[in-house]
Structure formats: structure tokens, C-alpha cells
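Nothing in this text is a laboratory measurement; each read-out follows from the coordinates by a stated rule. Keep in mind it's a predicted model, so treat the numbers as computed, not measured. Cβ atoms come from the backbone with ideal geometry, glycine included; neighbour counts cover every protein chain shown.
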Amino acid sequence: MELSDLFDFGPFFDNFDAILDGFWATIRLSLAAGVLSLIIGTILASFRVAPVPVLRAAGTVYVNIVRNTPLTLVLIMCSLGLNDILALTFSDDSGTTYYWWAVLGLSAYTGAFVCEALRSGINTVPIGQAEAARSLGLTFSQSLRMIILPQAFRAVIAPLGSVFIAMIKNTTVATAASYAEVVTQMKTLLDLPSFTSGAIPLFLGVAIGFLILVLPTGYFFGWLAKRTAVVR
Amino acid sequence: MSGQANVLFDLPGPRARMRHRIATGVAALVFAGIVAAFVVRMDHKGQWAGSLWSPFLKSEVWENFILPGLKNTLGAAAVATVLALVFGAVFGIGRLSEHGWIRVPCGIVVEFFRAMPLLIMIYLAFFLPNKISPVIAESPFGTLQRNLVDYFFSIFGVRIDAGTITVPAFAAVVFGLVLYNGSVFAEIVRAGINSVPKGQSEAGYSIGLRKSGVLLRILLPQAVTVMMPSIVAQIVVLLKDTAIGFIIAYPELLNQAFKGIPPNYDNNILQAGIVVGAIYIAINLLVSRFAVWLEARSRRSRKTSARTMGAGGAPPAAGMAATATATGDD
């Protein structure tokens, strides 16, 4: 083989379908985990700002435990621990059940970060805003709906964007939890003895794929944050 | 917190206090139910058996698996932190350069590595040299490749044998951690230097300092105080990310716990995960506490004229730099 063969994109495009399948699996995991982590994070944030001490304590304990645990550990505990040992399965098909455990594990992990982003957003609203709303006679739900949340949501967009970008990148760790996303496909190709010359194009291709996923997400959230920023 | 009004809730009156008491009861019941369901399920599968838990009281389990794993985790984290700080300082200052030919490449490098998943960088170091080195060995660059490995990369344990390079898992993990966290550090350094008021550097120039003098004597000393909490908070992220080394079989804490202990002690995967998780949480809480303490200290500090960056505020993610809003508050 010659040096120029290292940049031969032939083997890469021969296996293009497998790589696209991998990226599609990554996107499916990102979308499902994005929605679910937003739900989990909102519930947790409402716990952490609640006037009820038990809820606050539960939220704090959850966030501190999950934020300080490596994602790899969370995902392996989901697949090997909860699925295999405790036999809490979603379906008889192992592919489906590992997919949903990956979604759940990634959402449980990301939810803690979403919670912290939302909570810091609520804290950016000056207390005078709430006091003014109360003195106008607005009820709790009215002041939440019309005064506080509209301001809090805007302050939250940029940090939420960072959290979601980190989540897209974190989907790669799901390969440790038996979910076949793009890194799993990449590893399969690299293990083929015949794939020697395709390694550089493969890494370039996957890198470009992630740039395509991550950068527009970042620019979108950045644009949205700038557009909706509250001027104080 | 409970006794005072916050932005969402006014001070509770008698009816609200009653409601809160009811909510407390209901929530306590629900949480107790969740815990009970877990305990029952564990019992159903026989996971409370003493033989599954007792290994963690034996010294040989700690000596053979947990402590060596912890040593590898902390070792990789320490080496990666030092190298990432160097990387971050170089590229962070590079991005502030007045020369476009320094600023633009530094910016591209930092934005690229922040957008790349860590695992892909680790795979790159672990698999790529091994795949392509035999081809390079036969080319005119073969001697150069061998010399580079023999005289430089061998520090990290990289070996070359008959033209084929093997990268140890340790080096691959450190490589990935340095590029990713180094890029985050670069953004922290940039934000830190930018947070020093402009008057400081203007004053420096007006007393006749050059660019290097202003940077080294005026900006950096003040910026370091401001950046410390963010840097320590990022070290927690780095420490957690060493666990990704599990995937390429680097014998760190997680790998030892899942691959070392369960095969020898009745497949106690759940128990090993819980014990190791507790160790990670303890270490990270300790480091986070240190970051909070640093932050409080640096807010009181009069050594800097800049506003302290919060420990919780990592710089915005890749692709969002254009709108880098103040991450100063928490």
C-alpha cells in the first residue's frame, strides 16, 4: 500500500449505509433523550424550588448523586444492572429494550443538568418582579404564567443549549450500554481486517457528521438566546 | 430558605401552610413507595444476599481491584489536568492574539475539539496509529515515524514494533481528555482575561509595559484568581470522564469494578456499581466543595479587579461562542 491509499475514500463510501444507520441511531437517541430529559429536568426543577421541604430535599439529593456519577456508570447500571439482573425490560427484543434503557439513562443523567439550568434561570428573575405581580393582585398561577416564566425561559435558553449539545456528544457513550449507535458501527468497521486503508476517511467522516449535528444546534440556541434576551 | 419569600412563593399563610403539610405527606409517601418498590424488586431477584455485598468488606477486593482502579483513575485525571491546563493556556491566549494568523487557527482548534465527542477522540488515538503506521513505515516517512515514537511518544508508553504502533489505553484516554478539556480550559482562560476591566491593560500600557508585560504582569495574575472556581469545576467533569476509558478497557475504577469484581464474586454487578458510584460521588463532591470555597474566597479577594466566574458556569458550548453571555452569575 502507498501513502495515498490512506486517503482512499472508496472503503468509506462502500460502507456509507452502515455509517448513516449509526448516525440515524444517534439522532433517534438524541431526540428521545432530549424530550425526556426536558420533562425530567422540569419536574426536578419544580421540586427544587418548591416550598415543600421534602420535595426540595429529594430534588437536591437526586441532582447531587446523578451529577457526580460518570455517565458510563449510569448507562451500564441501566443495561447490565436494571435490565439484565433485575429483569426490568421494555420488550422481548433486546435491541428495543437496550434502546429505551439508553434513552432513560441518558435522560436521567441529562435531566439533572437541565434542572440546574432551569433553576438558575428562575433565580435570574429579580424578586421585585414577583413582588410587583403580587401587589397588583395577580394569583400564583397568573404571576408564574405572565411574569416569571416568560423571563426565566429566556434566561435559560443559552445554558439549555449547552446542555443539549453535551447530550448529543454523550450519546456516543451508549455504545457501552449495548446500543448500536455510530461509534459502535465505527468500531465494527475498524475491526474488519480489510478496512485498513479506510481508517482516516472513517474518522474524518464521523467527525464531520458530529460537526453537522452539533454546530447548527449551537448556532440555533445562540441565535434564539440572543433574539429573546431580556434587557435589564 | 423555607422561612422567607422567594421569587416564586410568597410567605405562606395558614391555608398555604396546611397545603404544604399535606404535600409533604403525599410526597414522602410517594418517595417511600418508589424506594420500597426497588427494595422489593432487589429482594425478588435475591440481590440482598450477603455473599453479594460482603466482598466489599474484604481487604483483598480493595487491594486487588478498587484501590488499583482508583489509582489509575486519579493518575489519568492528574496527567490529563496538567497537560490540558497547558493546552488551555496556549490556545486561550492564542485566541486573544492581535494577529489573525494565530487567532483564527487557535479558534478553529478550540471550537473543533469542543464539538467532538470525547469517545471519538479516544478511539482516534487508540485505533488510528495502529491502523496506519504499517503503511507509513514503508514510506519515506518510516524513519521519522520511528524516531518520533522512540524519542517522544514513548514517554506516554507508546510502542513501535516492526513498524506497527501500539498506543496504550492510558495514553489514548489522556489524549482525548487533554484535547476536549484543554479546549474548555482555553475558553475559561479567554473569558477570564476578558473579564479583567479594560482600564487595567490601558494603565499597564501607559506606564510603558509591552504586550507581554501587560499579559504576564497585569492580566494573567488577576484572571487566574477569577478563573480558579471554573477550572476546578471542570476538573470534576474531567475526573468523571476518565470513566469513558472503560470502553477501551483502561483499568480504571469503573473497569475494575465491573470487569474485575463480579466474575469472582457471584456476578455482583449491581452491588459493585453502587459501591463504585458512592466512591465517585464522594470524590467529586469533595472537589466541588473546594470549587465553591475557592469561589467564595476569590469573591472576597482584593487581588483582582475582575468579577469572579461562577463554579457552575462552564463556558457556552461549541457553536454558541458568538453569544458568549456573561457566565459570571450562578
**Study point:** Compactness relative to 2.2 N^0.38 Å, alpha carbon Rg of the stretch B:182-228
**Key:** 1.15
Review point. Under a point-charge model restricted to the Cβ atoms of Lys and Arg (+1) and Asp and Glu (-1), what is the dipole moment magnitude of chain A relative to its Cα centre, in debye to the nearest 20?
Key: 1760
Exercise for review: Tell me the chymotrypsin sites (Phe, Trp or Tyr not before Pro) within the stretch B:69-166 that lie in a loop according to DSSP and have at most 16 other beta-carbon atoms within 10 Å.
Suggested key: B:Phe141, B:Phe152
Check your understanding: In deg cm²/dmol and to the nearest 500, what is the mean residue ellipticity at 222 nm of chain A if only DSSP H runs of at least 4 residues count, each as -39500 (n - 2.57), divided by the residue total?
Key -> -23500 deg cm²/dmol
**Study point:** Cα-based reach from B:Lys58 at 19 Å (exclusive), listing aspartates and glutamates while leaving out same-chain residues under 8 positions away
**Key:** B:Asp266
Revision key, fill the gap. Once phi for every residue in the stretch A:16-29 is put through the Karplus expression 6.51 cos²θ - 1.76 cosθ + 1.60 (θ = phi - 60°), the whole-Hz ³J(HN,Hα) values, with Gly and Pro written as x, are 4, 4, 4, 5, 4, 4, x, 5, 5, 5, 4, 5, 4, 5
Practice item. Over the whole of A:129-135, what's the average partner chain Cβ count within 10 Å per residue? Rounded to a whole number, please. Key: 2
Check your understanding: What span do the alpha-carbon atoms of chain B cover on each of the three principal axes, reported in whole Å from largest to smallest?
Key -> 67, 63, 33
Review point. Mean 1/r over all different Cα pairs, inverted: what Kirkwood radius does the stretch A:80-181 give, in Å?
Key: 16.3
Point to revise | Cleavage-rule hits (trypsin sites (Lys or Arg not before Pro)) in the stretch B:203-242: DSSP loop, at most 15 neighbouring Cβ within 10 angstrom | key: B:Arg210
**Study point:** Cα coordinate range in the stretch A:108-232, projected on the principal axes (Å, largest first)
**Key:** 74, 28, 16
Practice item. Using only the Cα atoms of chain A, build the gyration tensor, take square roots of its eigenvalues as a ≥ b ≥ c, and label the shape rounded, prolate or oblate: rounded if a/c is under 1.5, else prolate if a/b is larger than b/c, else oblate. Key: oblate
Practice item. Would you please report the Å³ per residue occupied by the convex hull of the alpha carbon atoms in the protein assembly as shown? Key: 187
Revision key, fill the gap. Computed about the Cα centre, the charge dipole of chain B from +1 Lys/Arg and -1 Asp/Glu charges at the Cβ has a magnitude in debye, to the nearest 20, of 1120
Practice item. Convert each backbone phi in the stretch B:106-111 into a coupling constant with the Karplus relation 6.51 cos²θ - 1.76 cosθ + 1.60 (shift: θ = phi - 60°), then list the ³J(HN,Hα) values in order as whole Hz, x for Gly and Pro. Key: 4, x, 5, 4, 5, 5
Exercise for review: Pop out the ³J(HN,Hα) list for the stretch B:75-89 in order, Karplus 6.51 cos²θ - 1.76 cosθ + 1.60 with θ = phi - 60°, rounded to Hz; leave Gly and Pro as x.
Suggested key: x, 4, 5, 5, 4, 5, 4, 4, 5, 5, 5, 4, 4, x, 5
Practice item. Quick one: angle between helix A:199-228 and the longest Cα principal axis of chain A, in degrees between 0 and 90, rounded to 10, please. Key: 20
Check your understanding: From the square roots a ≥ b ≥ c of the eigenvalues of the alpha-carbon gyration tensor of the stretch B:206-316, which class results: rounded (a/c under 1.5), prolate (a/b over b/c), or oblate?
Key -> prolate
Exercise for review: Give the angle, between 0 and 90 degrees and rounded to the nearest 10, that separates the Cα long axis of helix A:53-67 from the longest principal axis of the Cα atoms of chain A.
Suggested key: 20
Review point. Quick one: helix A:182-191 against the long Cα principal axis of chain A, what's the angle to the nearest 10°, folded into 0 to 90?
Key: 20
Practice item. Quick one: among B:Val178, B:Val35, B:Val79, which has the greatest mean-square fluctuation in a GNM of chain B with alpha-carbon springs under 10 angstrom? Key: B:Val35
Exercise for review: Could you point to the residue in B:Pro197, B:Asn255, A:Thr26 farthest towards the positive end of the protein assembly as shown's charge dipole, with +1 and -1 charges on the Cβ of Lys/Arg and Asp/Glu respectively?
Suggested key: B:Pro197
Practice item. Quote the relative contact order of chain B in percent (integer), defining contacts as alpha-carbon pairs under 8 Å separated by 6+ residues. Key: 22
Review point. Of the residues A:Val35, A:Val103, A:Val173, which exhibits the maximal mean-square fluctuation in a Gaussian network model of chain A defined by a 10 Å Cα contact cut-off?
Key: A:Val35
Study note, to complete from the structure: Toy charge model, Lys and Arg Cβ at +1, Asp and Glu Cβ at -1: the protein assembly as shown dipole around Cα centroid in debye, rounded to 20, equals 2900
